[in-house]
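Q: I have a structure here, written as structure tokens, and I will follow up with some questions on it.
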Amino acid sequence: MCAIPFTYTANVYFAVVFIDLCKVADSQVSMHLVDGLKYIMEVADKFDPEEFDRLTEWFAHHLSNYRYNFNWHEWNSFAEQDAPTFQKLFCRDVLARCCKLTFVDSLKKELPEPLHSLLPPPVQFAVPEDGAEITEQLRSVITGKDRLPPPEVVAKLSELL
């Protein structure tokens, strides 16, 4: 998973293997994963940036398969640090990747209050003032009896925007 410059298997392969191993009855894998994660947090500053990204991607995927059920309170101290540290960066990156896998509001319900500051800002969609008019014009050329072929729809879209 952390072979540099590239790995021969997809990161999702490792995530599925770990998830399946954690689901095996009487398995100690989940306890060892927690211990491994604590170690990763201790030595996060020694990782190559690519390895760092792969680990945050894997962990976010792993958490998504367990409905983000995790002992988040252990990360409160990282969120409260003033200086940017690799531990805080790891937490922020994991949470940002989790937000890509679920709704931010549902993730906030699982997180303690101090970790909310590490969540990415909400996405703001810019809608022009005449957005409703443009939407109606596009709807008329995409659907109904005035429907246009795709190349003309693209031209109309370019014209409107």
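The values are calculated or read from the model by the stated rules, or taken from the named source; none is laboratory data. Computed from a predicted model, the values in this text were never measured in an experiment. Cβ atoms come from the backbone with ideal geometry, glycine included; neighbour counts cover every protein chain shown. The area values use the complete protein model at the heavy-atom level, side chains included, leaving out ligands, DNA and RNA. Shrake-Rupley method; radii C 1.70, N 1.55, O 1.52, S 1.80 Å.
Q: Against the definition (in a helix (DSSP H, G or I), of a type in the set (S, T, N, Q), open to solvent by 30 Å² or more (accessible area, probe 1.4 Å) and modelled with pLDDT of 90 or more), how does Ser30 come out, yes or no?
A: Answer is no for this residue.
Q: Let me ask something additional. Which pairs have Cβ atoms under 8 Å, sit 6 or more apart or on different chains, and link a residue in the range 144-155 that is closer than 15 Å to Ile134 by Cα to one that is surrounded by 10 or more Cβ atoms within 10 Å (Cβ to Cβ)?
A: Correct list of pairs: Val153/Leu138; Val153/Val141; Val153/Ile142.
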